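First the structure, in the form of structure tokens, and then the observations on it.
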Amino acid sequence: MLNGHNHLYERTDPIKAGQGTKQVAPGGTVNSKTDGVTYITAGGGGESINDWIDEAAGDSYLGHVHDATVTMRWDDEDGGGHRKKVTWSRVRFRGYSLVHVDVTPAAGGKPGRLKVRALTEDNVLVDDLTIRRG
């Protein structure tokens, strides 16, 4: 699942039924059919970068991976705020960035896959992940 509302880059471990199923460091591979959904927020461009992720946890990215346990915050439409400790926020980068995705369709009995890379504005690799189906 790729989205971009929040102004930062974040990638989760694969999630099923609200729980992370396995830890996937940058450079790893996820099987979406068996492992669950990996969520990617590709919002590192545009206006100012969000700073609402747990400051104590800090950024976590290729070469600087930290604990995936962080306190996340979300707001209701009426302005009410919520916080919850989660254990699946594997990669977090609060600088300007972009996401590059190479798509390989399923063929010849091999599953389709997405090769996802996140890069800083200076072309430094932040995250690298392969997502395959099956």
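The values are calculated or read from the model by the stated rules, or taken from the named source; none is laboratory data. Because the structure is a prediction, the values reported are computed rather than measured. When we count neighbours, we look across all protein chains shown, and the Cβ atoms used for this are built from the backbone with ideal geometry, even at glycine. Side chains are part of the model used for accessible areas, which takes the heavy atoms of the whole protein and leaves out ligands, DNA and RNA. Shrake-Rupley method; radii C 1.70, N 1.55, O 1.52, S 1.80 Å.
Please report how many Lys pairs in the chain have alpha carbons closer than 19 angstrom, counting only residues at least 8 apart along the chain or sitting on separate chains.
Step by step, the pairs that qualify in the chain add up to 8.
Per residue, how large is the accessible surface of the chain? Use a 1.4 angstrom probe and give square angstrom.
57
Leaving ligands, DNA and RNA out of it, work out the accessible area of residue 76 with a 1.4 Å probe and give it in Å² to the nearest 10.
Its accessible surface works out to 70 Å², give or take rounding.
Restricting to DSSP H runs of at least four residues, report the calculated mean residue ellipticity at 222 nm for the chain, -39500 (n - 2.57) per run over all residues, nearest 500 deg cm²/dmol.
Result for the chain, helices only: -500 deg cm²/dmol.
Per-residue accessible area for residue 88 at 1.4 Å probe radius, Å² rounded to 10?
Answer for residue 88: close to 60 Å² accessible.
Can you tell me how much longer the chain between residue 67 and residue 29 gets when fully stretched, taken as 0.36 nm per residue apart minus their C-alpha distance, in nm with one decimal?
11.8 nm is the gain from fully extending residue 67 to residue 29.
Carbon-plus-sulfur fraction of the accessible area of the chain, 1.4 Å probe, in percent?
Using a 1.4 Å probe with all protein chains present, the chain comes out at 50 percent carbon and sulfur.
Gaussian network model of the chain, Cα springs within a sub-10 Å range: biggest mean-square fluctuation belongs to which of 81, 63, 36?
Fluctuation is largest for 81.
Using unit Cβ charges (K, R positive; D, E negative) and no other charged atoms, how large, in debye to the nearest 20, is the dipole of region 60-134 about its Cα centre?
480
Placing +1 at every Lys and Arg Cβ and -1 at every Asp and Glu Cβ, with all other atoms neutral, what dipole size does the chain have around its Cα centre, in debye to the nearest 20?
Value, rounded to 20: 920 debye.
What residue among 81, 101, 66 has its Cα farthest toward the positive end of the dipole of the chain, where the charges are +1 on Lys, Arg and -1 on Asp, Glu, each on the Cβ?
After comparing all options, I get 101.
Given a cut-off of under 8 Å on Cα pairs at least six residues apart, what relative contact order in percent is computed for the chain?
RCO, the chain: 28 percent.
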